[in-house]
Amino acid sequence: MSEVIGVIGAGYVGAATAAGFAHLGYSVAVVDTDAAKVDGILCGRSGLTEPGLDDLIEAAHENSTITASTSYSVLTDATIVFVCVPTPMRSDGAADLTFIDTALSGVEPYLEPDDVVVLKSTVPVGTGDAVAERLGSAGVHVVNNPEFLREGHTVEDFLAPDRVVVGGDPAAIKRVTALYRSLHSPIVEVDRASAELAKYACNSFLALKLSFVDELATLAERVGADITEVTDVMAHDDRIGSHFLSPGPGWGGSCFPKDTRALISTATSVERPMRTLAAAVDANEAQTQRIAALIADRLDEPDAAVTLLGLTFKAGTADLRESPALDIALTLSKQGVRVFAHDPTITSAESLVARMPLENPADPSQPTLPVILADPYALDVDTRVIAIVTEWNDYRSLQWSLVAARCPHAVVIDTRGIVDAALVRSAGLQLYRIGIAEDWL
Ligand code: UDX
């Protein structure tokens, strides 16, 4: 274990990478501009809602194999430095590489000849070459090693990846792949541009698949079919696969929305437009608005209220980034609907402020943030629609009789296909499930 690992960025990707390599026996140094994250790591905590992550960080902390700082000098002894900073979406859809640039400027003074800089962040094709040119004169090698970590599963995905992808400088690739050797996962060595494009390709293909299923669910409702039966037939075909076939309120999160748009942007810039992907992005926006319209259509009185169950973009995370639930809340609120919401990870509307831009939050006649419920049974008595937007297990096992006792005239819209229909209906509540024609016709 002669390599010493450096990690720039302690978000989902950086924290899991640091904790994972510490778990594999490496000495790891983390740098982040956020002092709270650094202090957390120094006390053995990640500050993230990620199963298993704090256990690994705590163990590394006890073994003194992890350290952290807001100063790049903590990377002085690192021989392989992983860049794990965000590459958010610019207003034109392209990836914003400002954080990559800042990270490189920060680490440059501490790099020595033969050190390796690994780009784990999702970066557009050509970024690795540009970084290699920038650092090459100092004898530093550059490797692209894109991450495929799902939020809520980052530790599991780090320790048992479907594949490890590495591209770039051949001598350095050997040193980077050696770090992962003990995981016994397939290691795919490719050229740098292919590594960069492959990351976008994976996320975009999954987004494309979901948009197809979301539209298919809409069609199923109209033509008398059941989307669960249709996707079951599809899943039996190994060429299609059984994952990512559940319709929902639209895909969101920190990756799919920005990565699809960045790939569209790259393709457009070289005059090779990706029409399929552009259509998937459009379909996704339409899906979220369709759900908002289905909810609005079921409000029969001016004072009727809506409760959204789930605000995060998916279950198992506290992340609200690009969450369809927030778009639905905003659309309804703009129509004057009173919106309530519950989410197991959200205890106050404060955390919504940054994710739900309101023009004039103080003006009650303008759209407002949803009122956060302490539990899913604390429903406003005027609730007419209860919409399940995130697939939290809590909502699979709701006591529908309690819901019905409080709001006997409410209808339930299940956008994730998670409730037991018989239980909802036996409580006397009307149920609409996405993609199931018998509920809608
Ligand atoms: C994704 C990729 O899976 C991961 O490999 C990458 O590195 C980061 O982006 P993540 O953003 O955590 O991970 O979410 P993921 O679990 O992939 O779900 C993405 C979106 O698809 C969510 O909005 C989710 O609700 C939605 N989804 C997923 C569905 O609507 N139906 C499904 O069947 C699966």
> Which one of D169, D238, D157 has the biggest mean-square fluctuation once the chain is modelled by GNM with Cα springs under 10 Å?
Replying inline: D238
>> Net charge around T288, counting only other residues with Cβ within less than 11 Å of its Cβ (Lys, Arg = +1; Asp, Glu = -1)?
In response: -3
> At 25 °C and 0.890 mPa s, what whole-number value in µm²/s does Stokes-Einstein give for the translational diffusion of region 198-289, with Rh from the Kirkwood sum over Cα pairs?
Replying inline: 178 µm²/s
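Enter the per residue convex hull volume of region 191-441, computed from alpha-carbon coordinates, in Å³ rounded to the nearest integer.
Values: hull volume 35.8 nm³, N = 251.
Per residue, the Cα convex hull of region 191-441 comes to 143 Å³.
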>> If a paramagnetic tag sat 7 Å from the Cα of T177 along the Cα-Cβ line, which residues of region 112-127 would have the backbone N under 11 Å from that point?
In response: none
> Of all accessible surface on the chain at a 1.4 Å probe, what whole percent is carbon and sulfur?
Replying inline: 53 percent
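Over its Cα atoms, what ratio of radius of gyration to 2.2 N^0.38 Å does the chain give?
1.06
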>> How far apart, in nanometres, would the label points at E133 and D297 be if each is projected 7 angstrom from Cα along the Cα-to-Cβ direction?
In response: 5.4 nm
> Just how large is the dipole of the chain about the Cα centre, in debye to the nearest 20, putting +1 at every Lys and Arg Cβ and -1 at every Asp and Glu Cβ?
Replying inline: 440 debye
> Most mobile of A195, A304, A262 per a Gaussian network model of the chain (Cα springs, under 10 Å)?
Replying inline: A304
>> Run the simple label-point estimate for Q430 and S2 please: 7 Å along Cα→C-beta, distance reported in nm.
In response: 7.3 nm
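Kindly work out what percent of the DSSP beta bridges joining two residues of the chain are antiparallel, to the nearest 5.
Values: 5 of 50 bridges.
Within the chain, antiparallel bridges account for around 10 percent of the total.
Measuring with a 1.4 Å probe in the full set of protein chains, what accessible area per residue, in whole Å², belongs to the chain? Provide the component values of the computation, followed by the final result.
Working: 19570 Å² over 441 residues.
In whole numbers, the chain has 44 Å² accessible per residue.
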>> Only Cα pairs within less than 10 Å get springs; with that Gaussian network setup on the chain, which residue of E215, E147, E62 has the largest fluctuation?
In response: E62
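The values are calculated or read from the model by the stated rules, or taken from the named source; none is laboratory data. Not measured: the values here are computed from a predicted model. Positions of Cβ are backbone-derived with ideal geometry, glycine not excepted, and every protein chain shown enters the neighbour counts. The accessibility values were calculated without ligands, DNA or RNA, using every heavy atom of the protein model including side chains. Shrake-Rupley method; radii C 1.70, N 1.55, O 1.52, S 1.80 Å.
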